[in-house]
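What follows is one structure encoded as structure tokens, with my remarks underneath.
Derivation of every value follows stated rules applied to the coordinates shown; laboratory data play no part. These numbers were taken from a predicted model, which means no experiment stands behind them. Neighbour counts are summed over all protein chains in view; Cβ atoms, including those assigned to glycine, are modelled from backbone coordinates with ideal geometry.
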Amino acid sequence: MLAWVADAELLALSLGLTLALAYYLGRYMVHLIRGTPRPFEGSIARIENFVFRLAGIDPKRSMNWKEYVVALILLDAVFAIFTFAVLGLQGWLPGDPRGFGPFSWDLNFNTTSSFITNTNLQHYAGDQSLTVTSELVLMLNQFVAPASAIAVGLAFLRPFIKKGAGLGNFYVDFVRSMFTILLPIAFVSAILLMAIGIPQTLNGTLTTGLIGGGSQTFVVGPVAGFDAIMELGQNGGGYYGSNLASPFANPNGLSELIFLVLMLVIPLAFIFAYGELVGRGRGRALMVAVLAPFLALLAYAVTTTSGPVGLETRFGGFGSVLFQFFSISSDTGATNAVLSGLSPRTGASLFTFMFVQAIPGGSGVGFMTLVIYAFLTLFMVGLMVGKTPEFLGMKISGWDVKLAVLTFVVHPLMILVPAAIAYSTGNVTAILGAHSGAAGFTQVFYEYTSASANNGSDYLGTLANTPFWNVSTGIVMLVGRYVPILLMMGIAGSFATKDRRDTPEPIKTDGWPFTVTLIGVTFVLTALAFLPFLILGIFG
């Protein structure tokens with residue numbers, strides 16, 4: 001009984017703190033979306049204007065959806081080229097006391113694709129493969145990728161406020177997301193993590209003497225800063241090969257609590273911002289549509305015991321499961337336990353989060369995906385009751401529905417097609433053996449699901465460091481990131497030109513009927529697309 005009370009307290013504390021912080025962050029996002037004065041506007045604007053002048057950005061110029069997406073891809077491409085060059089030159093650059101050589105071309109492609117797409121899938125062990133310089137470059141990408149995602153989320157919401165508002169300027173949104181959201185929160189979080197005892201140094205190793213004589217060398221580095229942004233930005237790639245199961249990266253329950261709050265605060269803030277912009281009733285409907293499945297899946301998962309093999313005694317069974325739920329549901333992908341140590345029900349729940357990508361999903365993109373499910377729900381209900389589907393007083397056209405359907409279809413295609421190729425070409429047998437069975441299918445299915453969802457957690461780890469797996473998952477990560485964004489921004493561009501009606505919605509988007517229907521449609525679509533393959537694997 002005491003264990004259940006402690007588990008409930010941990011859940012209530014972590015979720016309560018997250019919701020409280022997300023509420024205030026969501027209210028701040030409203031200022032970014034509307035362009036209204038923010039707290040400390042004068043001081044913030046001076047810093048931003050200096051950056052705009054330095055970069056040649058015109059903050060008053062608004063972009064259409066095509067220009068916005070092109071700007072996003074071009075900026076990401078610049079950082080991708082820089083990252084690829086650094087990893088390719090590793091060993092010749094400073095900060096290499098242990099003599100690590102450059103990454104192979106295929107591992108370099110995979111790692112660069114992974115970090116620039118906010119995935120952070122790792123086919124290497126960071127503490128055994130990367131110099132401090134390389135880790136710092138990857139940390140830079142952990143700011144760039146979520147800043148791009150937040151910018152896209154802000155732009156996606158603007159057309160729903162008023163006609164002709166435009167999507168804004170990507171570079172302005174990117175700078176503001178970076179300097180006023182990610183950097184301040186990550187800086188404060190890193191200070192807290194340093195106070196707990198997580199290393200933060202530019203030295204790659206620390207050698208200490210032993211009581212009985214001799215010495216021992218530990219891998220250290222800018223771990224606190226790396227951890228802070230990897231959780232806040234839904235990155236998830238660990239400084240250590242064991243990720244946050246390492247006591248150097250996650251020493252105790254307090255660091256665990258900080259990580260739990262950081263992972264969900266930005267995704268949930270978008271829902272609060274939506275509620276402030278279009279009505280709190282509509283915001284509550286989406287929030288319940290996210291939290292109700294989250295809690296239901298958690299209850300389903302803890303009905304069976306995970307571990308003890310593969311779980312950390314510092315956190316226990318429930319603490320390990322709860323961490324995975326916060327991490328995978330937010331598309332962070334960090335882990336404090338071995339995935340194979342989790343129960344089948346927990347594994348199935350984690351798969352469900354990655355299938356849906358909107359409970360609540362990653363920064364910006366998760367909220368956009370949730371709206372796509374709302375579009376599909378309104379369209380289906382409209383067909384059944386004979387009413388023209390509308391969203392916030394704007395008609396949902398056939399073009400909008402087609403883009404929404406394509407957005408949904410991309411995900412299963414980028415999972416099933418590569419998995420089939422991996423089996424048919426013998427690449428599964430090459431790393432897992434000829435008799436891997438249902439367990440092997442689960443690992444392969446999870447690998448491509450995680451890559452397509454830009455999640456980053458996986459079973460295979462360094463086993464997948466082969467040209468086939470590096471290239472195939474790299475391509476899946478790139479397609480899984482940019483194609484849905486392109487399609488969803490196309491929908492935003494369509495709504496930017498639509499007329500608004502002041503009459504009541506034919507199908508209300510607030511209240512329990514809409515929430516229940518949205519949850520039902522979301523899970524029916526997900527089950528139709530993925531359930532047969534889930535049965536072949538984790539329940540096989």
- Note on the structure: Burial-style ranking of 47-60, 301-314, average other-beta-carbon count within 10 Å with highest first, yields 301-314, 47-60
- Peptide ranges 341-351, 470-480, 513-523 listed from the most packed, as the mean C-beta count within 10 angstrom indicates: 470-480, 341-351, 513-523
- So how much slack lies between Ala430 and Val309, counting 0.36 nm per residue of separation and subtracting their Cα-Cα distance, in nm? 40.9 nm
- Item | the chain: Lys pairs at Cα distance under 26 angstrom, eight or more positions apart or on different chains | 27
- Message: So if I take the centroid of the Cα atoms in the range 266-286 and the same for the range 402-438, what is the distance between those two points in Å?
- Response: 35 Å
- Task: Quote the convex hull volume per residue of the chain, based on C-alpha atoms, as a whole number of Å³.
- Result: 158 Å³
- Item | Pairwise centroid distance, computed over Cα atoms, of the range 9-77 with the range 212-235, Å | 29 Å
- Item | Listed residue (Leu295, Gly168, Ile372) projecting farthest to the positive dipole end of the chain, Cβ model | Gly168
